[in-house]
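Below is one structure, written out as structure tokens; the observations come after it.
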Amino acid sequence: VRLVLMLLGVFVNVQKAPNKSQKPHVIVSNHVSVIDRIVVECSIAVATLSVRDVPLLIRLILGSLDLSPRNEAPPPTEVAKAHLDSSSTPILTFPEQITTRGNGVLKFASWPFSVSPAVQVAAIDISRWHFIRPNMTHVFASPLADFFWFLYCPAHWVNIKFHSVGDEFRSLSPELRATSAQQLVASSLALPSLSLSCHDVREYKKTLVKEQAEGMDIEVLVRQVVEVLPNVPENEIRVDLLRTRNTTKTIRNLISSVPSATKKPMPSAKPPRSDTKGFPKDPSVRANILEFKKSQLILEGRRKYIEKHNLDITP
């Protein structure tokens, strides 16, 4: 396993080897990359509930054992207990349940600690050697994209520590064992122990996607309103659109509530006259003529837009 990782530019340093004499049934670890499973296998043979986020080629080379069923999805505790009834190979789990950037330790799920009290805790730290120092992952990254970043970066240094737990830890409830293990990993890596869970991160991703989509829609509506009311500041238009989500209502609101914004100096019925024939030489006169033509174009564009969209902008 280490030879394969070295060929990929990944150098593993086991700072504290696992205590195999305790015969752990479950190994829990923080989750910082798509190769975390492979890193742990450098020290101890493990089985995982799923290795589908590890690229297929690497799984075939390493012969990673995947316990997850193909057609149905029973609770992971049942799959894990069924495996332990017939095998002495410990199960590797990642209670964070998603990869992180290594800036903190997410809240651990409690189900891995309900499989068996014989738990061993691992802490993984990975750093990259690259002039741009890319993050290990980001909120919208896919496992395949993260893996290609591993191939792109010339070298990675991995430190892994295994921590044994005492009888006091085993006597705790699964929820308290999860909290204790999270704090142990955070303390070992000198990182904050977060109260956020993977579900909070997923909800944050959904919120970001929704806000980006709404932001794009709002900008389109802002441009439509600006065509009708070019003298109204875009910030005021945007604020009203965020409330109404309707261009007609926003136009009506702005005309009724901010009349001064829509009644800026209107062009006279006739363009400024020049005392000389042809194009005037006086810069101020030329500026007045250009301003008049500009105002006329704006009024004509506004009229066509209102007619095209059948807008009723009567205050």
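Before moving on, here are some points about what is shown:
- Within the full protein context, the accessible area of Arg128 is estimated at about 20 Å² for a probe radius of 1.4 Å.
- The range 95-154 - percent of accessible surface contributed by carbon and sulfur, probe 1.4 Å: 59
- Accessible surface ranking that places the most exposed of Glu219, Glu96 first, with a 1.4 angstrom probe: Glu219, Glu96
- The phi torsions of the range 36-43, fed into the Karplus equation with coefficients 6.51, -1.76 and 1.60 and a -60° offset, translate into couplings of 4, 4, 5, 4, 5, 5, 5, 10 Hz, rounded to whole numbers, with Gly and Pro shown as x.
- Full-stretch length increase - His199, Thr248 - with 0.36 nm per residue and alpha-carbon distance subtracted: 13.8 nm
- Enclosing the Cα atoms of the range 98-184 in their convex hull gives a volume equal to 110 cubic angstrom per residue.
- Here the Karplus relation 6.51 cos²θ - 1.76 cosθ + 1.60, evaluated at θ = phi - 60°, turns the backbone of the range 285-291 into coupling constants of 5, 4, 5, 5, 5, 5, 5 Hz, with x for every Gly and Pro.
- Environment charge of Asp200, counting only residues whose C-beta is closer than 14 Å and scoring Lys/Arg +1, Asp/Glu -1: +2
- Computed over the range 136-252, relative contact order equals 15 percent, with contacts defined as Cα pairs under 8 Å that lie 6+ residues apart.
- Leu7 accessible area, 1.4 Å probe, all protein chains in place, Å² to nearest 10: 140
- Residue-normalised accessible area of the range 96-158, given per residue in Å² at a 1.4 Å probe: 47
- Residue-wise HN-Hα couplings along the range 173-190, as the Karplus relation 6.51 cos²θ - 1.76 cosθ + 1.60 with θ = phi - 60° gives them from phi, are 6, x, 5, 6, 5, 4, 5, 5, 5, 4, 5, 5, 5, 4, 5, 5, 9, 6 Hz; Gly and Pro carry x.
- The share of alpha-carbon pairs in the range 94-244 lying farther apart than 19 Å comes to 67%.
- Mean projection area, nm², convex hull over Cα of the range 161-210: 4.5
- Counting 0.36 nm for each residue step from Ala155 to Asn235 and taking away their Cα separation leaves a gain of 24.0 nm.
- For the range 133-190, average projected area of the Cα convex hull in nm²: 5.9
The values are calculated or read from the model by the stated rules, or taken from the named source; none is laboratory data. Computed from a prediction, not measured in an experiment: that's the story for all the values here. Every residue, glycine as well, gets a Cβ built from its backbone with ideal geometry; the counts of neighbours run over all protein chains shown. These area figures cover heavy atoms from the full protein model, side chains too; ligands, DNA and RNA do not enter into them. Shrake-Rupley method; radii C 1.70, N 1.55, O 1.52, S 1.80 Å.
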